[in-house]
Amino acid sequence: MASISTTIKSEFERVRNSDVWRTIFRSGSGSSNLHRSQAVQQNIFLHLFSVKVRTRALDFSPTWYLGALTLSTFFILIATGILLMFYYHPSVPQAYADMKDLQFAVASGVFLRNLHRWSAHAMVFLVFAHMFKVFYRGAYRPPRQFNWVIGVFLLLITLLLSYTGYLLPWDQLAYWAVTVGSNIAKAVPLVGKQIRFLMLGGNEVNANALLRFYVLHCVILPLTAILLVGVHFWRIRKDGGLHVPEKKS
Amino acid sequence: MSDVKTQVAGNPLAGAIPDDNECSDCGRRDLLAKLGVGSLIVAAAGAGLFAYEFFSPNVLFEAPPIVKAGKPDQFPANSVTLDPQSGIYLINGSKGFYALGAICTHLGCLTAWKPDLDLIACPCHGSRFNREGIKVAGPAPQPLPWMKVWLSDDGYLMVDRSTTLKAPEYVKV
Amino acid sequence: MSDTPKMQAEVQSDVRKNPRRIAFILRRTSPHVKTQDEGRVMTYPTALTRFIITLEVAFVLLVWISLLANAPLEGIADPMHTPNPAKAPWYFLGLQELLHYFPPVVAGVLIPGLVVGALIVIPYFNINIEGESLWARDRQRRLMVLSAVLILFCLFLVFFDVIVALVPTLVVGGIMLWSSRFSHESPSRFQRWLSLKPLSFWIMTWFLVELTVLTVVGTFFRGPGWAWVLPWRS
C-alpha cells in the first residue's frame with residue numbers, strides 16, 4: 001500500500017518536473033518558500049494576492065471567513081447558473097415551461113435550480129454580513145477606504161443580480177416583485193418614466209423586460225462583478241493585507 | 001544640532017518636466033489638445049444618445065389603449081366592474097358611466113373592488129380608494145386616473161386608457 | 001536636547017541631485033524601528049487550503065439545503081391577478097415596508113440613495129482613526145445635540161406613523177444616551193465597552209437594527225393588504 005502511494009507521489013513529482021508542466025507552472029516542484037512564492041506570483045489568478053499573509057489574518061475571529069464564504073457562493077452561482085442556461089429560453093411563456101421542465105423532466109434540474117436559488121439568498125445575506133463585519137472591525141479605515149467603496153458597489157451589484165434573476169422563472173412571485181420594483185424606478189424625479197421604459201423595454205413587464213433582465217443577469221452584471229471582485233482582492237494586497245486589529249499590549 | 005535644513009519644495013516634480021515657457025509652439029499644442037478633448041466629449045455625448053435610442057424600442061407589442069368595455073346594459077346601476085384584462089373599472093354611478101384605471105398609482109399592482117367595504121383596495125401596500133378613485137387610506141400618491149369614456153356608434157361603451165381626464169366626466173345613456 | 005526630534009523628514013525637490021535621501025537621523029539612535037510584525041505564513045499552500053476548505057463547507061451546506069428544500073415556484077405570471085400580499089424578495093422587504101409609509105419617491109429613491117451615499121462616504125467622512133469615544137470630549141454639548149436630534153427624528157417618525165422604525169430608533173438611541181453615564185471606571189464590563197464606542201458605531205448599529213427589524217416585519221408579520229398578521233397564525 002505504501003509503495004503504491006510512493007509510486008504515485010514520485011510519478012506526480014516526475015510530471016511536475018517535466019518540460020511541458022514547467023511551461024504551464026514555471027515554479028515546478030519543490031516546497032521551499034521561494035517555490036511557494038513563485039507559485040503565487042506566476043499564476044494569473046493567485047498573483048492578485050500577496051505571497052505571505054499574517055498568521056492572525058487566517059484566524060476565525062477577525063473575519064469569520066465571510067469574504068471567503070461570499071466568494072464560495074459566487075463560484076457556486078456561476079457554475080449552477082451556466083448549467084441552468086442550457087435549459088432556459090428567455091421568452092414568454094416558454095420561460096415558465098422551462099421551469100417546469102427543470103422540475104420534472106431534466107435530470108437533477110430541480111436540484112440545480114434549488115442550489116442556484118439558495119446560494120443566491122446566501123450570497124445576499126453573506127455580503128451584508130461581510131459589510132457589517134468589516135465595519136465593526138474598523139477595516140474600512142485608511143488605507144483601505146477605496147476597497148470599502150468597491151465593496152459597496154459589489155453589494156449593489158449583488159442586489160441587482162438577485163433582482164434581475166428573480167424575474168427569470170416568470171411566475172407570479174417574479175412578475176409582481178418586478179412590477180413593484182420597476183414602479184419604484186418610476187418614482188425618480190423628472191426621468192423616472194424614461195428609466196422604467198428603458199429598464200423594461202416597454203410600458204409593462206413583458207417579453208422585452210424578460211429578455212433585458214436575462215442579458216443583464218447572465219452577461220453584464222456577472223462580468224462587472226468578476227471584474228470588481230478582482231480589483232477588490234488586488235486592493236487587499238495593495239493596502240497591506242487583511243486588516244487585523246492591533247495586539248493589546 | 002540641526003545642521004540640515006528641511007527643504008520643502010512647492011512642486012516636487014519641478015525640474016523633471018520641461019518648463020512651459022520653454023516650448024515654442026504652446027498655442028498650437030494647446031489648441032490641438034482642446035480640439036482632441038472636445039471631440040471626445042462630443043463623441044461621448046453622441047454615444048450616450050445612440051445608446052438611449054438603441055435601448056428604447058420603437059415598436060411595442062402591447063395591448064392597444066382603446067378598449068371596448070361592453071354594452072351599457074351589462075352594467076347594473078350603482079355597480080363597479082373590474083375588467084382585469086385591460087386594467088380598468090367601469091362604473092355605473094348615479095351621474096352616469098365613467099371609467100377608472102385599476103392599476104394602483106403607488107407601485108402598479110392591480111387593485112380589486114371590495115363590495116362589502118364599498119372601496120377599491122390594493123393588495124400590495126394597503127392603499128384604498130373610494131368609487132370616485134380618491135384615496136382614503138394607504139401610501140398611494142395620487143387618485144386612480146379617470147379615463148375617457150364614450151359611446152360608439154354601434155352602442156358599445158369605449159374607454160381610451162391613454163387619455164386621463166382632469167375633471168370628472170360622465171356618460172349618460 | 002530631549003525635545004528635538006529623533007529624525008527629520010525631508011522632501012527633496014530635485015530628484016536628479018538627491019535621488020534617495022528621505023530622512024536624516026539627527027540623534028545618535030539606532031535606526032531600528034519598533035514593529036509588531038508577527039508571524040506570517042505562505043499564501044500557497046496555507047491560505048489557499050483554508051479557502052478551499054471554506055468553499056467545501058459552503059458547498060456541502062448549500063447542497064444539503066438544496067436537497068431538502070425546493071425553491072418556490074408559483075403559477076405562471078398573470079398580469080390580471082395580483083397575489084395578496086405581493087411581496088418582493090426578502091432582502092427588499094425592508095424597503096417595501098418603508099413603501100407602505102412613505103411616497104415612492106421618498107422610500108424608493110431618496111432613502112436608498114441616502115443609504116448608499118452614506119455607506120460610500122463612511123471611510124472619508126471625519127475619520128476617527130483612534131476610535132475615540134463619543135463622550136470623550138464636550139460631553140454636555142454632545143448629549144444635548146444628540147438628544148435634540150433624536151427627539152426631532154422620533155417626532156418625524158411619529159408624524160408619518162412609522163411605529164416599526166420608531167421602536168429600534170428609541171432603543172438604540174436610548175442606549176446611546178444611556179452610555180454617556182458610563183466611563184472606563186464603570187463596574188460592569190458591558191458598560192465599559194459601551195462607553196468606548198464612537199458615534200459611527202451608534203449610527204451603523206442603528207442602521208443594522210433598523211434593517212433587521214424592517215426586513216423581519218415585512219417578511220413574517222405582513223399579510224393580505226399589508227396588514228399585520230402573526231406568522232404562527234396563518
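What to note about this one:
- Reference-scaled alpha-carbon Rg (2.2 N^0.38 Å with N residues) for chain B: 2.10
- Annotation for C:HIS184 and C:ASP78: the two label points, set 7 Å from Cα along the Cα-Cβ direction, are 6.7 nm apart.
- Selected from C:LEU143, B:LEU40, C:LEU230, residue furthest toward positive end of dipole (the protein assembly as shown; charges at beta carbon): C:LEU143
- Residue pairs, from the table A:LYS193/B:LYS71; A:LYS193/B:LYS135; A:LYS100/B:LYS68, whose Cα atoms sit over 29 Å apart: A:LYS193/B:LYS71; A:LYS100/B:LYS68
- Kirkwood Rh in Å, taken over the protein assembly as shown so that all alpha-carbon pairs contribute: 30.5
- Angle in degrees between helix A:172-186 and the longest Cα principal axis of chain A, rounded to the nearest 10: 80
- Cα-based helix-to-principal-axis angle, B:26-55 vs chain B, degrees rounded to 10: 20
- Among B:108-119, B:47-58, sorting by the average number of other beta carbon atoms lying within 10 angstrom of each residue, highest first, gives B:108-119, B:47-58.
- Charge context of C:VAL145, other residues only, Cβ under 14 angstrom, K/R +1, D/E -1: +3
- About the centre of its Cα atoms, the range C:170-234 shows a dipole size close to 120 debye [charges on the beta carbon of Lys, Arg (+1) and Asp, Glu (-1) only; nearest 20 debye].
- Lys/Arg +1, Asp/Glu -1 at C-beta; the range B:69-173 dipole; positive extreme among B:ALA112, B:PRO139, B:GLY155: B:PRO139
- Taking a Cβ cut-off of under 11 Å around A:GLY28, the surrounding Lys, Arg, Asp and Glu residues balance to a net charge of +1, with basic ones at +1 and acidic ones at -1.
- Label-point gap, in nm, between B:ILE134 and C:VAL145 - each point 7 angstrom along Cα→Cβ: 4.7
- Think of the protein assembly as shown as having a plus end and a minus end, set by charges on the Cβ of Lys, Arg, Asp and Glu; of A:VAL178, A:LEU48, A:VAL205, A:LEU48 sits farthest toward the positive end of this dipole.
- A Cβ-based charge dipole, computed about the Cα centre of chain A with Lys and Arg at +1 and Asp and Glu at -1, lands at about 1040 debye.
- In terms of Cα atoms, the Rg and Dmax of the range A:155-210 work out to 11.1, 32 Å.
- The range A:71-200 - charge dipole about Cα centre, Lys and Arg +1 at Cβ, Asp and Glu -1, debye rounded to 20: 540
- Förster-model FRET efficiency, 51 Å R0, B:ALA63 and C:PHE156, C-beta, rounded to 0.05: 0.75
- For the range A:167-249, the Kirkwood radius over C-alpha pairs fed into Stokes-Einstein at 20 °C and 1.002 mPa s yields D = 137 µm² per second.
- Highest-MSF residue in chain A out of A:PRO90, A:PRO62, A:PRO142 [GNM, Cα springs under 10 Å]: A:PRO142
- Computed from label points 7 Å out along Cα-Cβ, the spacing between A:GLU11 and C:ALA227 is 7.3 nm.
- Counting 0.36 nm for each residue step from B:SER152 to B:GLU53 and taking away their Cα separation leaves a gain of 31.9 nm.
- Net charge over other residues, Cβ less than 12 angstrom from the Cβ of C:ILE175 (K, R count +1; D, E count -1): +2
Computed from the coordinates by the stated procedures, all read-outs in this text should not be read as laboratory data. Note that the structure is a prediction, hence the values are computed from the model and not measured. Positions of Cβ are generated from backbone atoms using ideal geometry, with glycine treated the same way; all protein chains shown enter the neighbour counts.
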